Structures are given as C-alpha cells and as structure tokens.
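Since the structure comes first, as structure tokens, the remarks are kept for the end.
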Amino acid sequence: MSHSILLVDDEEGIRTVLGLSLADAGYNVSVAATGEEALRLFDQSRPDIILTDIKMPGLSGLDLLKRVKNIAPDVEVIMITGHGDMQLAIQSLKQDATDFITKPINDDVLEIALNRAHERISMRNQLREYTENLENKVREQSARLVEAERQLAAQQMMDGFSVGLKALLNAMDSTLGGVFNELPCFVAVHSRYLEIIAANDLYREKLGNLVGHQSWEAYYGRDKDSNGCPVLTAIREGRGSRTEEMLVDKTGKGIPVLVHTAPILDNDGEVELVLEISVDTSEARRLHEELRLTRHRYGQLFDEAPCYITVQDKQFRVVEANRRFREDFGDAVGGFCHEVFVHRQTPCTGCPVQRTFNDGQPHQYETVVTSRSGEQYNVLVWTAPLRDAAGNITEVMEMSTNITELRKLQDRLSNLGLLLGSTAHGIKGLLTALDGGIYRLGSGLERNNTERVHDSYEDIRHLTDRLRKMVLDLLYYAKKRELNWEVVLASHFAPEVAALVRPKAEAQKVRFTIEVAPDAGTFEADAGALSSAFVNLLENAVEACTADRTPDKKHAVHMAVSGLPDRVEFCITDNGVGMDRETREKLFTLFFSSKGAAGTGIGLFVASQTVQQHGGSISVGSEPGKGTTFVITLPRTLPDSAKSEPRHPAPAT
C-alpha cells in the first residue's frame, strides 16, 4: 500500500526535485509553496506524511506542525531544517514531529526518516487491530456464556411446581405431559420408595425409559445406601436441595447436570413424591472452559509481549501491568503512571492516556523513562481505549515499545549534523573575539602599554580555553578517541581546573573555594579531557547559583578532593536552585537542558562520557531550593580498556 505525502517548501527547485524523487519511490505526492496552501490541501486529502520546511514566509513549518497535530495527531510530520536551526529543530521534536532532516537533503537520511514514519503508522494500525480483535472476542464469548446460563434459569420454576404437582400428576397417565415436555431439561417424579414414576420426553430420549426403575440408577456410581442420590436426600431431610451430579445416558456416557429436588408432602406432612429437575451443564462447562482458555491465552499474550503494557484508570493509576513492565519498573499496580515511569508528581504534559480518555481515540507519544535500576529508555507509547458494555471508556491500555537502540542509531546521524551546525556558530563567535584580542595585544605591544597587553593576554587565554572546551565536546561526541593519559598529581590538577572557572564565579558574585586533602595523591588520566569535563560540572554549579533568586542569599561553590586507597573523589557542592528527581535522572542525557534556550544539553553529556571512559562514575544529590552535590569518583589506575602508552612521565611527589 503506497502512502501519500504532502511536500511543503517555498523553494520551487526543492519542490520539483524532491517531489519527483518521492514519486519515483512510489509515493502519492502533492506539493504546496506556503503553509496556508498546505493546510488547504491537508483538509482536502488528509495525507499520511507531511514533509515541510521549518522556515517559510507567512505560516512557518513549526506553526504548520502545531495546526496539523491539533487536527489529526496521527499524521507523521518530518521537518526540513538548515544547520543553523538547532533550537527550532529541537522545538519541533517536542511538538511531536516524527524526525527532522537537514539541507542539503541526503537521500539516505531522508529514507531513514520516512522508514521511521512508516514504522509509527504500522505500529499504530497493529495496536488498533489488536484492541478491536480483543474486544470482539471477549464480547462474543460473554454472549455465548450468557445464552448458556439462561438455561439454568429453569431451576427457578420448580418453586412454583410443588403445590400444584399432585393435581398435575392426577391428570397425567404414565408420563409427564404438557409444560414439562417443553422444558429444555430432564424432569422426573419419584415416589417415596425411590422409584421413578414419571419422566418427560427429554429424560426418556437421553437417559432411556427408566419409569419403574430405582431412582439412583440414573446416576453415575450411586446406590441405595452408601451414597444415595439427591432424591433419597430429599426424602430423608424433607427439604429440597441443589447439587452438581453426573447422570448416565443410554450409551453409558456421563452427562454433567445441576440437579434440583423438591419434596411434595401429603396431608400428614410426610414426603409422598419428589420432583427432580436436572439441567444439562455440558455446554455451560464447555463455554466456561473455552472462556478460561481464551483468558489464559490473552493473559499469556499480555505477559509475553515484547513491550511494556499497562492498563490505567481515569486517575492514571496502574490497575494491571505485564511481566516485562514489572521486571523493569517493579510491581506498579496501584501506583500512578507518571510516578513509576518518569518519577513526576503530576501527569506528563501531552499525556496520551489523558488524550484517549478525552476523545476516545488512540494516541502516540515518545519520551524517556527511568527504570527502577536507574537505566533510561527511549520509548514509543501507544494508547487505546477499553470500553464497558455501554460503550463508556472505563480504562486505557498503554503499550510502550523500547526504541533506545533504534534512537541511538538514528540520533548518531541526525545529532551529529545538528551538533556540527550549532558548534560552528559558537566557534565562529570565539574566532571573532580572538581576532579582537589579538588586535588589542598587537596594539599594546606597539604602544608599549603593559596593562593593555596583560588584559589582552587574559582575554585570549580565556577565549582559547572556551574554544578548546567546545572542540573537545564536539570530538568526544563525534568520535570516541583514545586517552592521552599520564600520571596526574591531584594537588596540581584541581587548582588548575579551579583557575579556569574562578573568573566566571567572581563575575557572577559567587564565592568559589577549593580544598585538597593531603592523601589525594596521584591518579592516571587524560588531564586535558578530564579538565574539560570538570569545567562543565563547575560551570553548571556556578550557573545554578546565578539562577537562584533568593533574596540576600550568599551563593557559593566548593570543590573538595580526597583520596582513598584505590580511588580519588572530587566533591563539587553548590547552594543554588537544586533539581527535582526527573531533572536529576535526565541530567546527562544528550540535548537535555533545564536552562531552556540558554543551554544545548551537550556539556554534561560529554562530561559523563569522559568520566565513564576513565572508568569512573558521577553521582548526583539534589533537591529543589537546597543546592546540588556532584561526587566524581576516579580510579587511581585506568582500566586496561582505556589505556594507551603514556606520553608523559609521572610527576615527582
């Protein structure tokens, strides 16, 4: 089945060339030169996929994305962006865009983005089909069970038969006639001497003509004394009963029945006759068993599905969860979805479960969740309504597929281009500033102005450090490189790193202190790479203090270095704004930033990668309004997997 694509771009050349390429690939292509024209075409044809430029005169691609998602949330939208549009591209992903590709458009990248759109469409269709089949099967089995159990209602009739049965028997010959022959059950009348004296047609047809036989002969494995039949019990106790029994048909095959007996008393109050009505429960048992097996099979499917499945009520409380969900997130039944998945106190913005409860339609959503072991997963979430017999939505099923590995592969391509574009702008600005610093340095030398030379030198050194940090961030993300390691003296390393950050802290009126314990000693590390990582962490601490608007609060950042037998610990503490649990868990995720447009979300990601490459770890402790503490632990000896030949001798201790 071919998909339809709406191509939107204000450049005629791109519309022509890309439109022909998509048509050759088998798509039904329509084109628009503006966002307004695209909306008109969208209302007419409702395409499966929209491919739109992010920057256009009039209605922009981002505005078009928002309008389309409000009308039809299931439509897949792929954004076309330039290298300089990083913030717009990230904003489009937050607005539920399927993907974005950069100009000039690479065929392979375009194909990956289109394949991703196809996967989302296919998964949505499969979930809808699965939900409809499940509802139809349960509805069908329930209807059949209700029909079978209607037959059991015949037992209620016998309450009214006891009083008039004597008169009815007097009007009958040797068999029961009239109404009893119309009943879909076995009817017999027994004497006080345990003899069958009358039976309806169905009784004689299935069990044989047992009139004149002993009452217990119709039952499987019964005799007069040791295990008497229900008729004997009614005679002895003088009251009716309801029991499950097994009758024997003419071929010797057992028939499961529900037997009701009612004693009929004479004028002296003694049991004279017993009315016996037996309802065949074979079909009901078969339907019960079939329903049990169906539920078991669906339960197995529910538990063995290779994704996370939950059923949630209108308060977003988990009422059911499959095995894989319980393994990765714990026994969450009774807990709230947003607390279990992302450790939030309130529902997620754009929650698909809430949207399904509101409009009764399936919805999709992509987010990052945190397991109970602290691992983070990219998941693609699909929802479907579960309705009661009246058609009201009582619960919503949420199915989340772990697409972490897929995202790693796709993001490696798209994020690299995005990273290069954003970094290029930063480098360009730093180079311009360096040109100005070099000019001032030359001017100071010509005029023999020592103060100007010194200021220019400090500016150039600061700009060079920033440029080096930016390039290292780019290198560490673009390509993992071997560590140029050496034996580092902690008492020298820590003050050198602090000197890079102290001017920024002082400029922001943040007190910066450092303490190195005598036992800090030495450790093996790539000092340049590790310095960049620590600068990222320290600058984050300074910025956390700057963001805190508490009146009269004296902000401070403190770095402490201590030594243990096999490792060195760096503790960076600030008394800034702090972080909630969700921010802490996503802090080292690429492109995640709590600073909005002021942060790229790259620096802390690179810092984490650098520490891990050294065989170390970073732990974070923080609460909103109470500051943050980073604890960086580094082994004194690098793991073999991180080592190359040392290029520097060990310093004298």
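Loop-resident trypsin sites (Lys or Arg not before Pro) (DSSP state other than H, G, I, E or B) in the stretch 529-587 with no more than 12 further Cβ atoms inside 10 Å of their Cβ: Arg549, Lys553, Lys554. For the residue pairs Lys137/Lys206; Lys66/Lys586; Lys314/Lys626, the C-alpha atoms sit more than 28 angstrom apart in Lys137/Lys206; Lys314/Lys626. Each residue of the stretch 313-319 is assigned a 3J(HN,Hα), and the resulting list reads 8, 5, 8, 6, 8, 6, 9 Hz, derived from the Karplus form 6.51 cos²θ - 1.76 cosθ + 1.60 (θ = phi - 60°), x at Gly and Pro.
Between Thr637 and Asn484, the distance separating the two model label sites (each 7 Å from Cα on the Cα→Cβ line) works out to 2.6 nm.
For the stretch 305-402, the Kirkwood estimate of the hydrodynamic radius, built from every pair of different alpha carbons, is 13.3 Å. Computed from the Cβ-Cβ distance with R0 of 45 Å, the FRET efficiency linking Arg452 to Lys553 stands at 0.75. Zone of Leu265 (label point 7 Å along Cα→Cβ, backbone N under 16 Å): which residues in the stretch 228-244? The answer is 234-241. In this structure, the amide hydrogen of Ser241, modeled 1.01 Å from its nitrogen in the peptide plane, lies closer than 5 angstrom to those of Thr261, counting only residues at least 5 positions away or on a different chain. Whole-percent P(r), the stretch 219-312, all Cα pairs, 10 Å bins from 0: 14, 29, 21, 14, 12, 7, 2, 0.
Of all trypsin sites (Lys or Arg not before Pro) in the stretch 185-269, which ones are in loop regions per DSSP and have a Cβ with at most 13 other Cβ atoms within 10 Å? Counting only loop positions with at most 13 other Cβ atoms within 10 Å, the trypsin sites (Lys or Arg not before Pro) in the stretch 185-269 are Lys224, Arg239, Lys250, Lys253. Considering only the Cα atoms of the stretch 514-569, their convex hull presents on average a projected area of 4.8 nm².
Close amide H partners of Leu59, meaning residues 5 or more places away or on another chain with modelled amide H under 5 Å apart, are Gly35, Glu36.
3J(HN,Hα) couplings calculated from phi for the stretch 439-454 with the Karplus curve 6.51 cos²θ - 1.76 cosθ + 1.60 (θ = phi - 60°) are, in sequence order, 4, 5, 5, x, 5, x, 5, 5, 8, 6, 9, 4, 5, 5, 4, 5 Hz; Gly and Pro show x. For the stretch 212-260 and the stretch 368-394, what is the separation of their C-alpha centers, rounded to whole Å? So the separation of the two Cα centres works out to 53 Å. From largest to smallest, the equivalent ellipsoid semi-axes obtained for the stretch 4-105 from the alpha-carbon gyration tensor read 18, 16, 13 Å.
Counting other Cβ atoms within 10 Å as a rough exposure proxy, the listed residues Glu486, Glu375, Glu524 run Glu375, Glu486, Glu524 from fewest neighbours to most. Of all aspartates and glutamates in the structure, the ones whose alpha carbon falls short of 12 Å from that of Lys69, not counting any fewer than 8 places away in one chain, are Asp96. Taken over the C-alpha atoms, the stretch 486-642 has Rg and Dmax values of 15.2, 50 angstrom.
Any read-out appearing in this document is the output of simple, stated calculations on the displayed coordinates, not a laboratory observation. Here the structure is a predicted model, which is why all the values come from computation and not from measurement. Because the Cβ atoms are built from the backbone with ideal geometry, glycine has one as well, and the counts that use them run over all protein chains shown.
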